[in-house]
Amino acid sequence: MIVVNAKAKANKNNFIKLKNIINKLEQETRKEKGCIDYSFSIDINDENVLRITELWEDLKSLQNHLKAKHVDDFRSEMEKNPIEIQAHFYEAHEITYPG
């Protein structure tokens, strides 16, 4: 499984401008083959931070996602409303609750 843990930082106005394209990206991505989970959320302690969590069956699924039209649309909108994104990519396997 591939895990993507990303953090976007911007001002509230940029997030508002990007809200519709983020919603479309999230909805379309969840339909993709190999997508286990894909979500955006606002950090509870900092409304200028958007957290992005992705779970993919395998690397090929993530690579295919990055070529999708809705990802290109998102990138185009981000060029008009720049936000800073830091993303980290991990290969992982699920374990049972350790407690």
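Values for this structure:
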{"read-out": "Helix-only mean residue ellipticity at 222 nm for the chain, each DSSP H run of n ≥ 4 adding -39500 (n - 2.57), per residue, nearest 500", "value": "-12000 deg cm²/dmol"}
{"read-out": "Charge tally in the Cβ shell below 13 Å around Lys80, where Lys, Arg are +1 and Asp, Glu are -1, Lys80 excluded", "value": "-1"}
{"read-out": "For the chain, projected area of the alpha-carbon convex hull averaged over all directions, nm²", "value": "7.0"}
{"read-out": "Full-stretch length increase - Asn48, Lys31 - with 0.36 nm per residue and alpha-carbon distance subtracted", "value": "3.3 nm"}
{"read-out": "Region 66-74 - phi-based ³J(HN,Hα) in whole Hz, Karplus 6.51/-1.76/1.60, Gly and Pro as x", "value": "5, 9, 6, 4, 5, 6, 4, 4, 4"}
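FYI, it's all coordinate maths here, none of it is from the lab. As the structure is a computational prediction, the values presented were derived from the model and not from experiment. No Cβ is skipped: glycine too gets one built from the backbone with ideal geometry, and neighbour counts run over all protein chains shown.
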